[in-house]
Amino acid sequence: MQVHENIRAKRRFKGLTQEEMAVKPTMSVNGYSDIERGLSDIKLTRLEQIAELLDVELSELFEDGSKNTLNMMGEHSTGTVHNHGVINTLSPEYSEMKLKFEKQKLICSNKDREIDMKEQEINYLKDIIEVFKNAGWQQP
């Protein structure tokens, strides 16, 4: 399954409407519908919001159901069980995609830490400059 198909299947599994899904990422219903139909590119931040709303890990949206599939079953309030799609957790493609995703997640995490450190350095240097100004030092 492609990302947009997984999003649709997981939304249906949770019993949510497209209108409900469009609320949290603050987008139009038509915009969200375009995502589910694969007509729109999705930014990572939007995917994270969708995964959070669906209460799934972001990597689950990238699962491919072509081999060694496991059916996702959902039960509605009527007690009727519906098949909403398949998840492939054993394929080499899934494993490769998951590794790439984890690598990107680590890169982003490191980037965030690096930004925090640089902001701390900037604040430290501003404090030093302020101390020198208060001591009467003039910049050349």
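Only the coordinates and a few stated rules stand behind these numbers; no lab work does. Here the structure is a predicted model, which is why all the values come from computation and not from measurement. Cβ placement follows ideal geometry from the backbone for every residue including glycine, while neighbour counts extend to all protein chains displayed.
The phi-based Karplus calculation (6.51 cos²θ - 1.76 cosθ + 1.60; θ = phi - 60°) puts the 3J(HN,Hα) values of the range 129-135 at 4, 4, 4, 5, 4, 5, 8 Hz, whole numbers, x for Gly and Pro.
Counting beta carbons within 10 Å around each of Thr45, Thr17 and listing the fewest first gives the order Thr45, Thr17.
A simple spin-label model places pseudo-atoms 7 Å from Cα toward Cβ; at Trp137 and Glu20 they are separated by 6.1 nm. For the range 101-140, a simple Cβ point-charge model (Lys and Arg +1, Asp and Glu -1, everything else neutral) yields a dipole of about 120 debye relative to the Cα centre. Ranking of Tyr32, Tyr124 by neighbouring Cβ atoms within 10 Å, starting from the fewest: Tyr124, Tyr32.
Put in order of Cβ neighbour count within 10 Å, fewest first, the listed residues Met27, Met21, Met117, Met97 become Met117, Met97, Met27, Met21.
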